[in-house]
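**Student:** Once you've had a glance at the structure underneath, I'll fire off some questions.
The values are calculated or read from the model by the stated rules, or taken from the named source; none is laboratory data. Predicted, not measured: the structure shown is a model, and the values here were computed from it. Every residue, glycine as well, gets a Cβ built from its backbone with ideal geometry; the counts of neighbours run over all protein chains shown. With ligands, DNA and RNA removed, areas are computed over all heavy atoms of the protein, side chains included. Shrake-Rupley method; radii C 1.70, N 1.55, O 1.52, S 1.80 Å.
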Amino acid sequence: SSSSSSSTASNNNTDDDDNIKKESFMNLCEYKSGVDYGDKNAFTNMFIDIRNKLSEKNSPLENNNKNGKINFLFYLAIPPTLIQTTVYTIYKTFPIEIKQQQPKDDNAYGWTRILFEKPFGRDLSSYLSLSTYLNSLLHESQIYRIDHYLGKGLIRNIPNIILQQQKHSTYYNLDKQFISQVVISMKETVDVSGRGGYYDNCGAIRDIIQNHLLQILTLIAMDYDEIQDETNADAIRNAKTNVLEKVILPSYPEDCVLGQYEGYDNDETVPDGSRTGTYAVVRLRIDNENWRGVDFFLETGKALDERKAEIRLLVKGQNENSIKRQIILRIQPDSGVFIKTYHSDGMNHTRKSATYKEVISRNNTSTTIDDAYSKLILDALRGDASSFVRDDELTNSWKIFTPLLQEIERVHTRPFPYKRGSCGPKEAQILLGKSNSNVAEPFSKL
């Protein structure tokens with residue numbers, strides 16, 4: 001009873017401390033408005049207001065400004081058509097040391113960083129146009145391109161998981177010698193639900209595969225001998241870019257299946273007869289020494305049978321009768337690392353019941369933030385760019401997918417229909433099974 005009372009008191013004290021911190025933070029927050037995103041007067045007045053508050057004795061901002069500098073973090077969760085106007089206005093109204101040379105953290109106003117939300121263009125041409133404009137005003141070190149999937153706990157830990165596995169594993173490595181197939185999937189049970197105006201303009205490939213799933217592929221496939229330290233942002237992003245540069249361009253329809261759930265264009269926000277894919281699976285291959293000959297499948301869809309995001313790696317067996325293993329990195333729900341085993345007697349396929357779940361190692365940090373966006377904003381405040389997408393990564397990702405998207409739009413065939421609550425079109429299961437024909441049940445269902 002005494003122990004229970006002590007625990008309750010401790011929890012109450014923690015809640016009180018949290019509430020005090022929240023109230024203190026909210027006292028520093030203000031809402032400002034302007035005519036539009038190019039309103040120079042509004043941005044100028046905001047800067048002057050911040051500067052004046054910092055100079056006021058005993059003001060909340062003055063008390064919290066320990067080094068006398070002003071740091072600026074701009075988070076632009078705005079439509080892509082407004083990015084150039086907004087950045088230009090910031091550039092003209094805030095004291096940003098930029099262009100040509102890398103900004104120093106010891107300048108009079110500290111640092112300036114700008115966070116952007118996707119989409120970053122809709123093809124290579126539009127991205128290069130945006131990138132060229134931003135690079136004319138900002139240094140790459142000031143640009144933080146958010147892919148919120150990179151803020152999820154398990155994905156942030158992929159480098160650490162693989163580095164630890166390489167140090168301690170005695171029977172396999174993550175490369176073509178031991179892995180025969182990789183499936184990276186993000187499935188949703190919801191449909192577009194009134195978001196058809198946005199979704200119909202991008203489709204499954206642009207919405208999920210070209211960014212979220214391709215980024216996960218690079219984390220799995222990059223050469224960890226180039227890194228060794230998972231906290232080195234430049235080393236990680238260099239290794240990811242090296243993977244993207246070696247991806248063989250996928251072709252349509254040989255390496256891609258598109259589907260559309262029945263009734264998609266019944267949504268009033270979707271044009272009648274739309275041929276936008278609400279499901280897609282794309283097969284990619286990497287032409288390097290580590291992964292040559294291994295199929296990577298990137299799969300996503302709406303109105304499917306389950307809500308799940310995960311990475312599945314099929315470990316090669318010695319022969320047909322060998323015990324086979326899957327390494328499963330579950331992102332959501334029930335995040336974790338699993339190993340599943342099953343064996344074949346050559347005729348019948350018998351699943352083993354043993355399933356092993358590893359405990360995910362978490363980064364050593366003083367915060368317990370769970371939300372992906374919150375983690376990424378905190379990273380940006382700290383200047384940690386390892387979970388943000390660099391310019392050359394995006395350029396290479398669009399080089400991979402732009403020819404595929406152009407061919408899909410040129411052919412303009414109707415996506416394969418599938419029922420709501422199903423696993424997607426049967427044609428996709430055929431593609432997924434091509435490199436795994438010796439397994440009786442679909443790889444994605446094991």
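**Student:** Within region 273-292, is even one residue on the phi > 0 side of the Ramachandran plot and not aliphatic (A, V, I, L, M)?
**Tutor:** Within region 273-292 (the criterion being on the phi > 0 side of the Ramachandran plot and not aliphatic (A, V, I, L, M)), the answer is yes, since at least one residue qualifies.
**Student:** Here's another thing I want to ask about it. Residues that are closer than 20 Å to Asp200 by Cα, touching a strand residue (DSSP E or B) at 6+ places or on another chain (Cβ under 7 Å), at pLDDT 95 or above and not hydrophobic (A, V, I, L, M, F, W, C): does region 262-270 have at least one? Give the derivation first.
**Tutor:** Kept after step one, since they are closer than 20 Å to Asp200 by Cα, are these residues of region 262-270: 262-270.
Okay, now just the ones that are also touching a strand residue (DSSP E or B) at 6+ places or on another chain (Cβ under 7 Å), so 262.
Add one more test, that the residue is at pLDDT 95 or above, and what stays is 262.
Now restrict to residues that are not hydrophobic (A, V, I, L, M, F, W, C): 262.
Yes - at least one qualifying residue is present in region 262-270.
**Student:** Okay, next question. Which of the strands (runs of 3 or more DSSP E) contained wholly in region 110-228 include at least 3 residues that are surrounded by fewer than 17 Cβ atoms within 10 Å (Cβ to Cβ) and modelled with pLDDT of 85 or more?
**Tutor:** Working: elements: 112-117, 143-146, 179-187.
Once the strands (runs of 3 or more DSSP E) in region 110-228 are filtered for at least 3 residues that are surrounded by fewer than 17 Cβ atoms within 10 Å (Cβ to Cβ) and modelled with pLDDT of 85 or more, nothing remains.
**Student:** Now for a different question. Does at least one position in region 295-308 carry a residue that is within 21 Å of Lys187 (Cα to Cα), surrounded by fewer than 19 Cβ atoms within 10 Å (Cβ to Cβ) and not acidic (Asp, Glu)?
**Tutor:** Pass one, region 295-308, residues within 21 Å of Lys187 (Cα to Cα): 295-308.
Okay, now just the ones that are also surrounded by fewer than 19 Cβ atoms within 10 Å (Cβ to Cβ), so 305-308.
The next check asks that each one be not acidic (Asp, Glu); those that pass are 307-308.
Within region 295-308 (the criterion being within 21 Å of Lys187 (Cα to Cα), surrounded by fewer than 19 Cβ atoms within 10 Å (Cβ to Cβ) and not acidic (Asp, Glu)), the answer is yes, since at least one residue qualifies.
**Student:** If you check every pair at least six apart or on different chains, which have Cβ atoms under 8 Å apart with a residue in region 264-287 that is in contact (Cβ under 8 Å) with a residue 40 or more places away in the chain and open to solvent by 30 Å² or more (accessible area, probe 1.4 Å) first and a residue that is aliphatic (A, V, I, L, M) and in a loop (DSSP other than H, G, I, E, B) second?
**Tutor:** Asp267/Val192; Thr269/Val192
**Student:** Of everything in region 21-35, what is open to solvent by less than 100 Å² (accessible area, probe 1.4 Å) and within 30 Å of the chain's Cα centre (by Cα)? Give them in sequence order.
**Tutor:** Across region 21-35, the qualifying residue is only Cys29.
**Student:** Which pairs do you get when a residue that is closer than 15 Å to Lys399 by Cβ and touching a residue at least 12 places away in the same chain (Cβ under 8 Å), found in region 113-138, comes within reach of a residue that is aromatic (Phe, Trp, Tyr) and outside any helix (DSSP H, G or I), reach meaning Cβ atoms under 6 angstrom, with the pair 6+ apart or on two chains?
**Tutor:** Tyr127/Phe120
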